[in-house]
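Input: one structure, supplied below.
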Amino acid sequence: MADKKINLTLNVWRQQAGQEGAFETYKAENIDTNASFLEMLDVVNENLTCSGKEPIAFEHDCREGICGSCGALVAGMTHGSHDRTTLCQLHMRSFEDGDELTIEPFRADAFPVIKDLIVDRSALDEIVASGGYVSVKTGSAPEASTIPIEKNFADSAMDAAACIGCGACVAACPNGAAMLFTSAKVSQFALLPQGAPERASRVKEMVDTMDKLGFGNCSNEYECAVACPKGIDVKHIARLNREFIASRTRKKK
Amino acid sequence: MNSTRFLLSSIGQKLLLATSGTIMFLLFLIPHMGGNVLFLFGPDLFNSYAHHLHKLVPIVIGIEILMLASISVHMIIAAKTTWANRKAASSRYSQKGSRERSLAARLMPWSGGMIFAFIIIHLANFKFYEKSKTMLDGHEVYDVYGMVLSRFQGDLWYVGVYIFFMIAVGLHLSHALQSALQTYGVYVPRSGSKIKAASMWIAIGMASTFAIIPIIAYLK
Ligand code: HEM
Ligand code: SF4
Ligand code: FES
C-alpha cells in the first residue's frame, strides 16, 4: 500500500468533569493514511504532550472493534461516517488532505462527560445487570449439542449478541433512547431456550431500569441502526416491544 | 409490574400513543373521509348522508366520546414523551448528521399540534355553525352541502389554510402508521420496507382526498 500523508484540522471538545467544555483547534500533520483514527489522535497527543499541554482524553482498549470502549462523534456521525465501523477501525484513508473535522463526545442525558471525549456509559451496564443474563449452574461447560436450537434462531441470537455496548445508538438517537442496545441484550436470550425461564422478568426489569436511568422514548426514527458499528437491526426493537407486551401474560418467575 | 406502571413505562406510553392514534385513524379519519367524498357527488347525496348521520345520534355521540378520550390520551402522552425526549437529548451536538430520520418523523409534535388546532377551527366552522334548511325528497333537511359551499366559495385564503392543515395530517400519518406497527412489535425494516411505502401512500391519499373538497367547492 502506497504511503500517503495528509494534514487535518481538528476541532476537539475539551472538558473537565463538572466544568463547562469548549472546542479547541489542533493541527494533525503528516498523518499516514494507513493509521487508524485513534492512532491519528495518538500522534496529536504526542505533540500536545511535548509542548507541555494536556493530551486529549479518549477511551480505547482492544483497537480491533470488539470491546466497545472507543467512540466519538466525528463530523456529525458516531464512529465517523463509515458503515459498521468502530472509531478504532476507522482509517485515515477515509479522509482527504486538508479536511476539517469536529470531534465531540457521545452526548445524552444518561451519559455524563467524564473528560474530553470520555463519557460515563455505566448506565448501559446497569441495564444489563438488571436482567441481561441467564441464571445457570456454573461448572464444566456442557456439551454444545445437548440443547437443540434451530439454525435461524441461533443466527438471530448471534446477531443480537454482536452488540459491543459502545453506546453509539444512544448518542445518535434524537431522543437519547437506549432501545437498540436494550433490544439486543433482550433478544440474545429471548431467542434461545436458555433464556426462557427468566424471559418475562428480564424484559420488564431491563425496560424499567432503562426508563429510570433517564434514557428517552423511542419514536422509531431508526438513527440508531445507521449508527451501530455492529449492524444491530431494528427487528430486535420490534422483538423487544413484543417481549414487553407478552410479559403481561407470561407467568411470573 | 402493575398495569399503571406497565402503561407509563417508555414502551407502555408508546403503546398508548399508538392505540389512541389508531382509534382516531380507524373510527374518525377513515369514516369522515368516506363521508366527505360524497360531497363530490352533489347536494342530494351529501345532504341525505348528513341527514341519516343525524339519525344515528347515539352511535355518533358514542364515537365522539371515544374520540375525546383518545385525543386527550394522545396529546397528554405525546406532550409527556416529547418533553422527556428533549430532556434526554438536551446536550446538543455542535454538528450532528442524520441519515435515516424522515422529515415527517422530525415534525411529529408540530404536525400533531397543527392537527389539534385544525380540529378546533374545523368544529367551530362546521359543527357549531348555523345551518339553513333545504328540501330533499319532500322533507326539510339541513343544507350541509350549501354550508360547505358557501364557506369556501370566494375565499381563496381559507381554502389555502385548509390545504396547509391537510399537509400536516399527511405528514403525521406517514410516520405514524408504520411507527405504530413497529411499536406493536410488527417488524418494520429500515429500508425497502413495503409497510413504510404503504404508510406514506395511505397518508398522501387521505390528505389529498380531504384537501380536494375545499378546492372543488371553491371552483363550483
Ligand atoms: C386525527 C388525529 C391523529 C391521528 C390519527 C394520530 C395518529 C398517530 C399515530 C398512529 C401515532 C403513532 C404512534 C407510534 O409511533 O407508535 C402518532 C404519534 C404521535 N402523535 Fe398523533 N395522531 C393524531 C393527532 C395528534 C395530535 C392532535 C397531536 C398533538 C397535539 C399528536 C401528536 C403526536 C406525537 C407527538 C406522536 C409521537 C411521535 C413519535 O413518537 O414519534 N397527534 N399519532
Ligand atoms: S446496539 Fe450497536 S450502537 Fe448500540 S451499543 Fe450495541 S453495538 Fe453499540
Ligand atoms: S477500542 Fe475496542 S472497539 Fe474500539
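Looking only at the stretch A:67-82, filter to residues that are within 12 Å of ligand 2 (Cβ to nearest atom) and under 18 Å from A:Asp42 (Cβ atoms); which one of those is most open to solvent (accessible area, probe 1.4 Å)?
Only one residue fits best here, namely A:Cys67.
Okay, residues lined up against (1) open to solvent by 60 Å² or more (accessible area, probe 1.4 Å); (2) among the aliphatic types (A, V, I, L, M); (3) under 30 Å from A:Ala22 (Cβ atoms):
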position	(1), (2), (3)
B:Tyr93	no, no, yes
B:Ala105	no, yes, no
B:Leu123	yes, yes, no
B:Glu140	yes, no, no
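Moving to a separate point now. Determine if the stretch A:6-17 includes at least one residue that is within 16 Å of ligand 3 (Cβ to nearest atom), closer than 26 Å to A:Pro229 by Cα and hydroxyl-bearing (Ser, Thr, Tyr).
Among the residues of the stretch A:6-17, not one is within 16 Å of ligand 3 (Cβ to nearest atom), closer than 26 Å to A:Pro229 by Cα and hydroxyl-bearing (Ser, Thr, Tyr), which makes the answer no.
Quick check on this structure: which one of A:Gly176, A:Gly167 is within 16 Å of ligand 3 (Cβ to nearest atom), within 14 Å of chain B (Cβ to nearest Cβ), at positive phi and in contact (Cβ under 8 Å) with a residue 12 or more places away in the chain?
Only one candidate qualifies: A:Gly167.
Considering (1) more than 15 Å from the chain's Cα centre (by Cα); (2) within 25 Å of A:Cys173 (Cα to Cα); (3) within 15 Å of ligand 3 (Cβ to nearest atom), say which one A:Ala22 fails and leave the rest.
(3)
So for the stretch A:8-24 (the condition being open to solvent by 50 Å² or more (accessible area, probe 1.4 Å), farther than 19 Å from A:Gly71 by Cα and part of a strand (DSSP E or B)), does at least one residue qualify?
No, the stretch A:8-24 has no match at all.
Out of all the residues in the stretch A:111-130, which are assigned to a loop (DSSP other than H, G, I, E, B) and either open to solvent by 40 Å² or more (accessible area, probe 1.4 Å) or at pLDDT below 95 (or both)?
A:Pro112, A:Asp120
Within the stretch A:240-253, work out how many residues are surrounded by 23 or more Cβ atoms within 10 Å (Cβ to Cβ) and either without any contact (Cβ under 8 Å) to a residue 60 or more places away in the chain or within 16 Å of ligand 3 (Cβ to nearest atom) (or both).
Qualifying residue count, the stretch A:240-253: 3.
Residues in the stretch B:87-98: is at least one among the polar types (S, T, N, Q) and more than 9 Å from chain A (Cβ to nearest Cβ)?
Within the stretch B:87-98, none of the residues are among the polar types (S, T, N, Q) and more than 9 Å from chain A (Cβ to nearest Cβ).
Would you be able to tell me the number of residues in the stretch A:160-193 that are open to solvent by 10 Å² or more (accessible area, probe 1.4 Å), near ligand 2 (Cβ under 8 Å from one of its atoms) and touching a Lys or Arg at 6+ places or on another chain (Cβ under 7 Å)?
Of the residues in that region, 3 qualify.
Still on this structure: Just need a number here: residues in the stretch B:26-50 that are part of a helix (DSSP H, G or I) and over 14 Å from the mean Cα position of the chain (by Cα).
Residues that pass the stated criteria total 14.
Return the residues of the stretch A:56-66 that are on the phi < 0 side of the Ramachandran plot and either within 16 Å of ligand 1 (Cβ to nearest atom) or open to solvent by less than 50 Å² (accessible area, probe 1.4 Å) (or both); say none if nothing qualifies.
Hits for the stretch A:56-66 are A:Ile56, A:Ala57, A:Phe58, A:Cys62.
Please tell me if B:Leu149 is part of a helix (DSSP H, G or I) and without any contact (Cβ under 8 Å) to a residue 24 or more places away in the chain.
For B:Leu149, the condition - part of a helix (DSSP H, G or I) and without any contact (Cβ under 8 Å) to a residue 24 or more places away in the chain - is not met.
Could you check, for the stretch A:52-71, whether at least one of its residues is touching a residue at least 40 places away in the same chain (Cβ under 8 Å), within 14 Å of chain B (Cβ to nearest Cβ) and within 16 Å of ligand 3 (Cβ to nearest atom)?
Yes: one or more hits.
Can you confirm whether A:Thr85 is open to solvent by 10 Å² or more (accessible area, probe 1.4 Å) and within 18 Å of the chain's Cα centre (by Cα)?
yes
Which of the following residues is hydrophobic (A, V, I, L, M, F, W, C) and within 14 Å of chain A (Cβ to nearest Cβ): B:Val148, B:Val188?
Answer to the check: B:Val188.
Quick one: count up the residues across the stretch B:142-156 that are over 21 Å from the mean Cα position of the chain (by Cα) and open to solvent by 30 Å² or more (accessible area, probe 1.4 Å).
8
For the stretch A:86-108, give me each residue that is free of Cβ contacts under 8 Å to residues at least 24 places away in the same chain and within 16 Å of ligand 2 (Cβ to nearest atom).
Of everything in the stretch A:86-108, nothing turns out to be free of Cβ contacts under 8 Å to residues at least 24 places away in the same chain and within 16 Å of ligand 2 (Cβ to nearest atom).
Hey, another quick one. Could you check the stretch B:2-25 and list, in sequence order, the residues that are of a type in the set (A, V, I, L, M) and in a helix (DSSP H, G or I)?
B:Leu7, B:Ile11, B:Leu15, B:Leu16, B:Leu17, B:Ala18, B:Ile23, B:Met24
Still on this model: Conditions: (1) more than 26 Å from A:Val226 (Cα to Cα); (2) open to solvent by 30 Å² or more (accessible area, probe 1.4 Å). A:Val44 meets all but one. Number of the miss?
Unmet condition: (2).
Here's a follow-up. Mind telling me which of the residues A:Gly214, A:Gly231 ends up being more than 7 Å from every other protein chain (Cβ to nearest Cβ) and of a type in the set (Gly, Ala, Ser)?
A:Gly231
The values are calculated or read from the model by the stated rules, or taken from the named source; none is laboratory data. In this text the structure is predicted, and so the values were computed from the model without any measurement. Glycine also receives a Cβ, built like all others from the backbone with ideal geometry; neighbour counts cover every protein chain displayed. Quick note on the areas: whole protein, heavy atoms, side chains included, nothing else; ligands and nucleic acids left out. Shrake-Rupley method; radii C 1.70, N 1.55, O 1.52, S 1.80 Å.
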